[in-house]
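Right, one structure below, let's go through it.
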Amino acid sequence: AMTVWFEAAQRARRARGAELAAALASSRADTLATFAALERARADLAVPRDGALNPPLWELGHVGWFQEYWIARNPQRERGVGADPDAPRAAGVRAAGDALYDSGRVAHDSRWSLPLPGAAATRDDLARQLAGTLERLESSDDGSDRALYFFRLALFHEDMHHEAALYMAQSLGIAIDDARWQAAPLADAATVLEFEAGPWRLGHDGPGFAFDNECIGHPIELPATRIDSRVTRWAEFLPFVECGGYAQPRWWDAAGAAWLAAAGASAPRYLRRRGPAWEQWRHGRWQRLDPRLPACHLTAHEALAWCRWSGRRLPSEAEWERAAISRPAEFDWGPVWEWTADAFLPYPGFVAHPYRDYSAPWFGSRRVLRGASFMTQPRMRHPRYRNFFIDHRNDVPAGFRSCRL
């Protein structure tokens, strides 16, 4: 399965013509379907003002605006990563769109009070924006990576926002019934994969699309590593909770202890104990927890505390990448995003791509997660992809795997 995912992601990053058009249309269909589920559950589309959320109407409008901004309205579109992001642009399908939807300029907390168009008007904007995108894709006879860069960027950007909409639904207790976005049990506990010390080339080289933070490929030396073949399941995590691990300061570093005190946590988010049984909050109701499911919606603090308790450690992102790429048949990934030991930092020789807000503002303030989750589009599941979040985020479907010390 891992090899199939890698191939699907590689294909998406190199897609052109009809294949790329189909992916853009498919991504939009999922965006609209998940928005419709939110709309059915909350007719007023109101969500709490929260740093981890966006108003669903704003999210929907932003996805269409972003695509139009970087494709139809971008006079230097065919220059790819060499495009000037500040090149003057004509107005889009919605004249005030930049003032509403530009995430780099519209402060997060202000998004709840913007004069956003309603759902029907927003959907109409998206239809017109997608039509403009597909028209330009079809009329372009340049199939180079440079000329297709922004089409692929818009595709993956929309896929990321779709995943964010799924975990917003989970945090609001809204059921998403699509079978594609459900966690599946992991039949067996992890085995240990052994790697000798040696060189590894970390990051992206070669043809196809890459995000700026994946560039450029560079040689590093890696230590000998004994890494789990798959992520930690609830069966392995819950003993730490049951033995009072959340109340024992020795397992928590200073940042973890501060998070515990602020959150008042005594168990992972979305879990509770009823007598001897554990239950999980999913689709807006409490359900019996299957201990074979991947441990999920964990902060980095909880992952690190479990590692200390069990005498293990988190892998570095390079150790993770080496295992995923060099042993794809044995290294099982994709059930949940995986916290790593590393801060999110630029690779040597980093150059920001035209969408300047994607990586550079977050270097040094986030931690790298690798892999993918059960909420991630298959074409996004690439073993070199670097996700990044603040350590205390637990709305994200994130867990971890560990290494022997």
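The values are calculated or read from the model by the stated rules, or taken from the named source; none is laboratory data. Predicted model only: the values in this text are computed from it and were never measured. Neighbour counts run over all protein chains shown; Cβ positions are idealised from the backbone, glycine included. Remember, those area values only see protein heavy atoms, side chains included, never the ligands or the DNA or RNA. Shrake-Rupley method; radii C 1.70, N 1.55, O 1.52, S 1.80 Å.
In the context of the full set of protein chains, segment 198-278 has a per residue accessible area of 45 Å² (1.4 Å probe).
Surface composition of the chain: carbon plus sulfur atoms hold 54% of the accessible area, using a 1.4 angstrom probe and ignoring ligands, DNA and RNA. Model label sites at Ala224 and Ala261, defined 7 Å from Cα along the beta-carbon direction, differ in position by 4.1 nm.
Taking 7 Å steps out from each Cα toward its Cβ at Arg274 and Ala52 produces label points 2.3 nm apart.
Charged neighbours of Asp84, selected by a Cβ distance under 15 Å, balance to +4 (K, R count +1; D, E count -1).
Database remark: amide H of His353 closer than 5 angstrom to the amide H of Asp212 (H placed geometrically; neighbours at sequence offset of 5 or more, or on other chains; Pro and chain starts carry no H). Taking amide H as placed 1.01 Å from N in the peptide plane, the amide H of Phe389 sits under 5 Å from that of Arg367, Leu369, each at least 5 places away or on another chain. Derived scalar couplings between HN and Hα for segment 159-174 equal 4, 5, 5, 5, 5, 4, 5, 5, 7, 5, 4, 4, 5, 8, x, 9 Hz in order, rounded to whole Hz, by the Karplus curve 6.51 cos²θ - 1.76 cosθ + 1.60 (θ = phi - 60°), x for Gly and Pro. Remark: segment 182-189, residue by residue, has Karplus-estimated 3J(HN,Hα) of 10, 6, 10, x, 9, 4, 10, 5 Hz, where x stands for each Gly or Pro and the curve is 6.51 cos²θ - 1.76 cosθ + 1.60 at θ = phi - 60°. What is the spin-label model distance, in nm, from Ala99 to Arg313 if the labels are put 7 Å beyond Cα along the C-beta direction? According to this spin-label approximation, the distance is 5.4 nm. Using θ = phi - 60° in the Karplus curve 6.51 cos²θ - 1.76 cosθ + 1.60, the 3J(HN,Hα) couplings for segment 11-23 round to 5, 5, 6, 10, 5, 9, x, 4, 5, 5, 4, 5, 5 Hz; x is entered for Gly and Pro. Count Lys and Arg as plus one, Asp and Glu as minus one, and take only other residues whose Cβ is under 14 Å from that of Arg201; the net charge is then -4. Full extension of the chain segment joining Ala36 with Ser113 gains 25.5 nm, where the gain is 0.36 nm per residue of separation less the Cα-Cα distance. Per-residue ellipticity at 222 nm, computed for the chain from helices alone with -39500 (n - 2.57) per DSSP H run of at least four residues, works out to -11500 deg cm²/dmol. Along its three principal directions, the equivalent ellipsoid of segment 1-147 from the Cα gyration tensor extends over semi-axes of 28, 21, 15 Å, largest first. Would you please state which residues of segment 98-123 a label at Arg356 would reach in this model, taking the label point 7 Å out along Cα→Cβ and a backbone N cut-off of under 13 Å? Once the point is set 7 Å along Cα→Cβ of Arg356, 104-105 turn out to lie under 13 Å by backbone N, inside segment 98-123.
If a/c stays under 1.5 just call it rounded; otherwise compare a/b with b/c (prolate if a/b is bigger, oblate if not). Do that for the chain, with a ≥ b ≥ c from the square roots of the Cα gyration tensor eigenvalues. Taking the square roots of the gyration eigenvalues as a ≥ b ≥ c, the chain is oblate. Scanning residues 5 or more positions from Arg282 or on other chains, those with amide H under 5 Å from its amide H are Gln287, with H placed 1.01 Å from N in the peptide plane.
Across segment 71-149, the fraction of Cα-Cα pairs farther apart than 21 Å, rounded to a whole number, is 41%.
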